[in-house]
Amino acid sequence: MIAEDEIDFSSGMYGLPPGGLRLDGKTAVVTGASSNIGLSIALGMAQAGADVIMVARGAERLAKAAEAVRGAEPKRRIVACPADVSTVEGVTAVAGAVEAEFGMADALVNCAFASGKAGIPADLKILEIPDEMFNETYQTNVLGTYRLIKALFHGHVDAERPASIVNVVSGSGLLPVPVIHNTAYGASKAALWMMTRYLAVNLAPLIRVNALCPGNVSATGQPHTETARKMMSQIPMGRVGKPGEMAGAAVYLASDASSFTTGAMLVCNGGRDW
């Protein structure tokens, strides 16, 4: 019998849940995992105890990245799955790899993206944006993400198996930046954020769906574009982010430490207004 004024931590009502920020015994799928934020998140998942399926389009680059993660975390199973998640065939390949290697996934981080900027003139006007820019960004950033979620987690609903999904969005989907080339990309990321909220409402309480919104992140420690350089004065932290600073946020959202968090956006941008 516990006295009314006695603090009881044995009930599990206080502090971190069992396992806390760990992902031991779980399988995580990370798309866009061959470089920068995606690679960092894949490593972070492995460091937290998860086995990881790393997905990206470029097979050679992905194989090198997966080997590096294996070297850093030799106790974890790291599977490289080259696939283009903007296509039905690519999503099918990822789902097949998950089933063959692990049966089911416990976490998915959708970090793959398309900017739609390749081959677009530098002096593009807002009313001259070709359909191809929207097609490319929406196929990858919205439809590809939805297809992958459907392929990996439809069975979870029937099996009543919990899981966590993290969609990587962008500040460009919250407020416009002074770059016309970002119009289609920003619109697609805004759609991804709203889709995240719809999925969160309709998949709760079994599957949690959240968004991670990075700011300017660079593996070199320097702004990677002229636009990013101009935005430096808007960042209270006074610097760009490191890829590793996104990994902790993704691990938190994937872990039981965020068990009461769904439909939320975790912004990691150094304190910028958006």
Could you grab me the full set of residues in segment 27-76 that are hydroxyl-bearing (Ser, Thr, Tyr), crowded, with 23+ Cβ neighbours inside 10 Å and over 22 Å from ALA257 (Cβ atoms)? THR31, SER34
Matching residues in segment 225-252 - criterion: being small (Gly, Ala, Ser) and either more than 30 Å from ARG208 (Cα to Cα) or part of a helix (DSSP H, G or I) (or both): ALA228, SER233, GLY238, GLY244, ALA247, GLY248, ALA249, ALA250
Test result for ASN135, among the polar types (S, T, N, Q), modelled with pLDDT of 95 or more and either outside any helix (DSSP H, G or I) or more than 23 Å from THR87 (Cβ to Cβ) (or both): no
Here are the criteria: (1) modelled with pLDDT of 95 or more; (2) under 14 Å from ALA247 (Cα atoms). Tell me which single one LEU21 does not satisfy. (1)
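Residue by residue, here is whether (1) among the hydroxyl-bearing types (Ser, Thr, Tyr); (2) part of a helix (DSSP H, G or I); (3) buried (at least 20 other Cβ atoms within 10 Å of the Cβ) holds:
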{"position": "LEU124", "(1), (2), (3)": "no, no, no"}
{"position": "HIS154", "(1), (2), (3)": "no, yes, no"}
{"position": "LEU175", "(1), (2), (3)": "no, no, no"}
{"position": "THR183", "(1), (2), (3)": "yes, yes, no"}
{"position": "ALA190", "(1), (2), (3)": "no, yes, no"}
Given the residues VAL91, VAL168, which is the only one that is within 25 Å of LEU39 (Cα to Cα) and in contact with a helix residue (DSSP H, G or I) (Cβ under 6 Å, 6 or more places away or on another chain)? VAL91
Which condition does CYS213 not pass, out of (1) touching a residue at least 40 places away in the same chain (Cβ under 8 Å); (2) within 24 Å of ARG57 (Cβ to Cβ); (3) of a type outside the set (A, V, I, L, M); (4) not in a strand (DSSP E or B), if it passes all the others? (4)
Output the residue which, of all residues in segment 254-274 that are in contact (Cβ under 8 Å) with a residue 40 or more places away in the chain and farther than 26 Å from PRO176 by Cβ, is surrounded by the most Cβ atoms within 10 Å (Cβ to Cβ). ALA254
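Conditions (1) free of Cβ contacts under 8 Å to residues at least 60 places away in the same chain; (2) of a type outside the set (Lys, Arg); (3) surrounded by 13 or more Cβ atoms within 10 Å (Cβ to Cβ); (4) in contact with a Gly (Cβ under 8 Å, 6 or more places away or on another chain), marked per residue:
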site: ARG147; (1), (2), (3), (4): no, no, yes, no
site: VAL157; (1), (2), (3), (4): yes, yes, no, no
site: SER170; (1), (2), (3), (4): yes, yes, yes, yes
site: GLY186; (1), (2), (3), (4): yes, yes, yes, yes
site: ILE235; (1), (2), (3), (4): yes, yes, yes, yes
site: GLY241; (1), (2), (3), (4): yes, yes, yes, yes
Does segment 113-124 contain at least one residue that is at pLDDT below 95, over 24 Å from ASN36 (Cβ atoms) and touching a helix residue (DSSP H, G or I) at 6+ places or on another chain (Cβ under 7 Å)? yes
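The values are calculated or read from the model by the stated rules, or taken from the named source; none is laboratory data. Given the structure is predicted, the values throughout are model-derived calculations rather than measurements. Please note: Cβ atoms are built from the backbone with ideal geometry, for glycine as well, and neighbour counts cover all protein chains shown.
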